[in-house]
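Structure record follows, encoded as structure tokens.
Quick note: the coordinates plus some simple rules give every number you see, no bench work behind them. Note that the structure is a prediction, hence the values are computed from the model and not measured. Here the Cβ positions follow ideal geometry from the backbone for every residue, glycine too, while neighbour counts run over all protein chains shown.
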């Protein structure tokens, strides 16, 4: 028996046929993509997944050092387990990071656009220092002036700072429930309509978080307390994402059992139409490694147990 209904009003991407096609992609089919530069892989083991993520970071930093050039990377706050692993590898291998320039993807902001201070518990700056930079031996750490965050003071020239550092080697990231990259939200697509060219040139800015993002972040970072999640954020945009020579995206949105909030959106981003209402879909147009943990790659199902 069929049951037909409209999508909830707050959902931005409303193509039900595209959603149905994405939903039906099986685990066996998920790594197949017509663009050979958009490489999809699945890693089942949790430890192997985060180990591979950490190894990717360290490999790129070491390669740039050996080649005598800067390493410039865009980094997310989530997922996080790869950062302590990478810090340990850097310490064990004694890799100096004087050539490393990092740019974090985003930072929370209040309703007036003031970004969270570094000592606030939910600050992405605080999290990155505690989970990565402060774990690296002091004599190996990159200079403080080469660690960048999209604060209120920096957001207006964030793209230019990346260019001044030598361009971006790699943009790391994940995919949000609404399809966002960093906090570049699905709702922003309405501003651009079908103008993908203008959309891809959009640069870092202050944005209002969507209800879906508020709930997602409440779930994984604030013990489910949506009242604790700030209403806005400063974030990179398509221009910064596509500025990178490569993109390396890691999807670990699998909680337990059949609870995997990323299963559907991982498919829609990778196999749905490239459009302005599913921000992550632009990854299909550029050299990208797209790695999913096994629970995310599993089939999209209804499970009431």
Taking 107-113, 11-17 and ranking on average Cβ neighbours within 10 Å, highest first, one gets 107-113, 11-17
Taking the chain and counting helices only, DSSP H stretches of n ≥ 4 at -39,500 (n - 2.57) each over all residues, the nearest-500 ellipticity at 222 nm comes to -9000 deg cm²/dmol
DSSP beta bridges in segment 45-297: the antiparallel percent, rounded to 5, is 40 percent
Placing each pseudo-label 7 Å from Cα in the direction of the beta carbon, residue 245 and residue 91 end up separated by a distance in nanometres of 3.0 nm
Placing each pseudo-label 7 Å from Cα in the direction of the beta carbon, residue 98 and residue 33 end up separated by a distance in nanometres of 3.8 nm
To the nearest 0.05, the calculated FRET efficiency linking residue 48 and residue 203 through their beta-carbon distance, R0 being 25 Å, is 0.10
With 0.36 nm assigned to each residue of separation and the Cα-Cα distance removed, residue 120 to residue 16 gains 33.4 nm
Quick note, the chain: a/c under 1.5 would make it rounded; otherwise a/b > b/c is prolate and the rest oblate (a ≥ b ≥ c, C-alpha gyration tensor); here it is prolate
Helix 211-221 sits off the longest principal axis of the Cα atoms of the chain, rounded to the nearest 10 on a 0 to 90 degree scale, by 50 degrees
The distance between the Cα centres of segment 41-113 and segment 273-292, in whole Å, is 21 Å
Kirkwood-based Rg/Rh on the Cα set of segment 38-170 evaluates to 0.97
With 0.36 nm assigned to each residue of separation and the Cα-Cα distance removed, residue 153 to residue 195 gains 12.2 nm
Computed from the beta carbon distance with a Förster radius of 22 Å, FRET efficiency for residue 2 and residue 23 to the nearest 0.05 stands at 0.90
Quick calc, residue 134 & residue 55: beta-carbon distance into FRET formula, R0 22 Å, rounding 0.05, result 0.55
